[in-house]
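Input: a single structure, listed below in structure tokens.
The values are calculated or read from the model by the stated rules, or taken from the named source; none is laboratory data. Note that the structure is a prediction, hence the values are computed from the model and not measured. Here Cβ is always computed from backbone atoms with ideal geometry, including for glycine, and neighbour counts include all displayed protein chains.
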Amino acid sequence: MRLQNVSQKTLKTVAARPALASHTPSPLHPHRPLLASSQRLLLRSTAQCAVRYQSSYPERIAILGGGIAGLASAHFIAKEFPQTKVVVFEAGKDTGGWIKSRRVDVVDAEGKKGNVLFELGPRTLRNATVTAGLVQELGLVDDITYTRRSEPGAKNRFIYYPDQLNRLPAPPPTFADFFTLWRTGILKGIFGAITEPLRPKRPDSLTDETIGSWLARRVDKRIADNLVSAVFHGIYAGDINQLSAKTLFGPAWELEARFGSAIGGWFRMQNEYGQSQPVAFVHPHDREVAKAMNEEIDLELDFAKNLKDSAMFSFRNGLQQMVRALVDAVEAKGNIEIRTESPIQTFKPLNENGKLGVEVVSGTEGSTSTESFDLAISTLKNDEITPFATVMTVNLYFPNPNLLPHEGFGYLIPQGIPFEQNPERALGVIWDSSAVKGQDTASGTKLTVMMGGHWWDGWKGFPTEEEGLEMARSVIKRHLNITDEPTAHIANLSRDCIPQYTIGYDERLKQFAQGMSNEFKGRLRVVGAQFNGVSVNDIIAASWQVARSLRGEGWKGRSCGLDRIMDEREWVIVPAKEMAYVKKEVRVGDSGMGRRGDGGV
């Protein structure tokens, strides 16, 4: 069930816009600023009216979707409302969405039996306050496998261009690193970054453009094609000539608007406002959320230090270990029910005798049930807001432990390489056995080849498992000279797994939020990768924010959960440390008062 099937009245106001090429100017859609005072009056009057008809807490909440967004939302909402009945509807047999970890029995080069862990979706997490707090609540700290910043898995990352692996400079970068990279040709156009402050500011009428267009205009097209496109292949499986610069290059976009230059604006900001400490350019909403995280989440000191020293982390049994622990924790609360194989057929707003709510129809065709809820949290997707990319991952295991040319995380493939170097349309290759340690009981070489994404847009059919395996082996033979036969593999096709924030995304999302707030009057909130960011950390943080916004009388307000996109305040300059987690330590000083310590993460 997709959200657009439910709310056609709202979606009539949301025009689906085709993805534009990087050099095509975007349509001009001036933003109409909201009247903050009118919003506050509307929210206040709505809440006051609702008090007459509603109890002080919602009696029943529906969560539509049992992926990480749905499970995290259930967990955080149950903490806010322990008396509320929460029902999670999941269409499939399993919860967790795209997070899938599989153990496979293998035999290593010495004939010893063991097993390896294959990740079919996300595989690592970066340090993020809400996720860390959740991991701590679930009792998983002792099961974490850290990749330290000093390890090759964190320091060594490569880009394949035009026919070889090129190591990206690791902090702190050296002149030798840049010189070696320069000789490959991958940095052609980099001097455009030096002249970027001298380039004219974009016209005020330009409300969005693609990342490719922005980089070509401000720096150099070659940097976009040969370097930046690879990064966006790794995160979004997307095309920089379609993805929105306003959305995904937010700080740079806003710096250009404020100072006339992104790079020059950053240096000017540091000189004029930084003084003795670095400063950041942030949206006020993000600043307030960071402050709330610091106030409400307290990590154990050793855990906080380990996170600070690590580039990323996972768990001994993969990311799905967190999903399983979350399911156990949710079910143990007693007020949460998870219903698998219960797809959502429809849902619509209710207004019976002044009591607002949402009617949900769930189940399979011919065996549906209709229920009323005071509130619903939807994690379902909407094709009118974003298109989606399909990705195939092929996990490979080889008994030989010495197949990799280097130790490191792996490599990404930019759009600028010749077709003959990437006819399979691969996005990149992760060197799992080097990137994440402590998950396998067998030695050997473990790889994941990622293929598809925007390269497969418009395809009527996708490779079978056998074809995917053949394509993956072709990639690593050409790029890594690996000709060994894998003794274990899994080819997994994830259809429509990554939303694409194409040009005009912010405006579409804003119109959608306005329509949903008007139609459901705050009784439907949305959360998920399509609305909040594609990473697991983004989704968990958004689930926490939505649950927190329901606190007290908040659940009676008119929000649809997209408060950030509706917030028209200008970006502000703040000390960079305000945006980072700071470990709370009570110290007794001369004043006898507790203060924050140095446990910054």
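List of remarks:
- Restricting the search to strands (runs of 3 or more DSSP E) fully inside the range 81-199 and requiring at least 3 residues that are under 21 Å from the mean Cα position of the chain (by Cα) gives 144-148.
- Close pairs from the range 459-479: first under 19 Å from Ser494 (Cβ atoms), partner aromatic (Phe, Trp, Tyr) and not in a helix (DSSP H, G or I), Cβ under 9 Å, at least 6 apart: Gly468/Phe462
- Residue within the range 201-209 that is out of contact with any Pro (no Cβ under 9 Å at 6 or more places or on another chain) and assigned to a helix (DSSP H, G or I) present: no
- Looking only at the range 522-545, residues that are closer than 27 Å to His233 by Cβ, in a loop (DSSP other than H, G, I, E, B) and in contact with a strand residue (DSSP E or B) (Cβ under 9 Å, 6 or more places away or on another chain) come to 4 in all.
- Check on Glu365, closer than 30 Å to Ile144 by Cβ and acidic (Asp, Glu): no
- Residues in the range 91-110 that are touching a helix residue (DSSP H, G or I) at 6+ places or on another chain (Cβ under 7 Å) and of a type in the set (D, E, K, R): Lys100 only.
- Comparison of Ile235, Ile240 shows that the only residue that is buried (at least 19 other Cβ atoms within 10 Å of the Cβ), modelled with pLDDT of 95 or more and either in contact with a His (Cβ under 6 Å, 6 or more places away or on another chain) or among the β-branched types (Val, Ile, Thr) (or both) is Ile240.
- When Arg558, Arg564, Arg548, Arg495 are checked against the criterion of being within 25 Å of the chain's Cα centre (by Cα) and either without any contact (Cβ under 8 Å) to a residue 40 or more places away in the chain or not in a helix (DSSP H, G or I) (or both), a single residue qualifies: Arg495.
- Residue within the range 268-278 that is assigned to a loop (DSSP other than H, G, I, E, B) and in contact with an Asp or Glu (Cβ under 7 Å, 6 or more places away or on another chain) present: no
- Conditions (1) over 15 Å from Ala389 (Cα atoms); (2) surrounded by fewer than 24 Cβ atoms within 10 Å (Cβ to Cβ); (3) in contact with a strand residue (DSSP E or B) (Cβ under 9 Å, 6 or more places away or on another chain); (4) not basic (Lys, Arg); number of the one not met by Met450: (1)
- Any hit, the range 290-303, residues being in a helix (DSSP H, G or I) and touching a Ser or Thr at 6+ places or on another chain (Cβ under 7 Å): yes
- Test result for Met312, within 20 Å of the chain's Cα centre (by Cα), surrounded by 15 or more Cβ atoms within 10 Å (Cβ to Cβ) and not in a helix (DSSP H, G or I): yes
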